[in-house]
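Throughout, read-outs are computed from the coordinates displayed, never taken from laboratory work. Here the structure is a predicted model, which means the values were calculated and not measured. Please note: Cβ atoms are built from the backbone with ideal geometry, for glycine as well, and neighbour counts cover all protein chains shown.
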Amino acid sequence: SELNPFSCNQQDDGKMFIGGLSWDTSKKDLTEYLSRFGEVVDCTIKTDPVTGRSRGFGFVLFKDAASVEKVLELKEHKLDGKLIDPKRAKAL
């Protein structure tokens, strides 16, 4: 069953918003990059419904909330030549 990145449950602690993505960054690229911080359960890059192009941000869900802390501890994240901006996703 596919996880809805917007569902509110106890897994929200492992959820992050990732901004500043290169338009060339794929879901696979983002998952591979973030996997060094912990197991990635789900990853979504938001795209324009008309053009299908990346809108430059996405969401990732880690299995463990501790992985979020590890990502936040590192001050600079670079992916595909761009500085990306990971933040703790706010529960809606």
Exercise for the section: Cross-chain or 8 or more residues apart, Cα under 19 Å: how many lysine pairs in the range 15-86 fit that? Count them up, please. Expected result: 17
Completion exercise
Restricting to Cα pairs under 8 Å and 6 or more apart, the percent relative contact order of the chain works out to 41 percent
Practice task
Calculate I(q)/I(0) for the range 15-86 by the Debye formula, one identical point scatterer on each C-alpha and no solvent, and give its log10 at q = 0.13, 0.14, 0.21 Å⁻¹ to two decimals.
Solution key: -0.33, -0.38, -0.84
Practice task
Within the range 25-53, find all residues whose amide N lies under 11 Å from a label point positioned 7 Å from the Cα of Lys70 along Cα-to-beta-carbon.
Solution key: 34-40
Completion exercise
Among Met16, Leu34, Thr51, the residue whose Cα sits farthest towards the positive end of the charge dipole of the range 15-86 (+1 at Cβ of Lys and Arg, -1 at Cβ of Asp and Glu, taken about the Cα centre) is Thr51
Practice task
Determine the calculated [θ] at 222 nm for the chain from helices alone, applying -39500 (n - 2.57) to every DSSP H run no shorter than 4 residues and normalising by the residue count; nearest 500 deg cm²/dmol.
Solution key: -5000 deg cm²/dmol
Completion exercise
For 71-83, 32-44, ranked highest to lowest by mean beta-carbon neighbours within 10 Å, the order is 32-44, 71-83
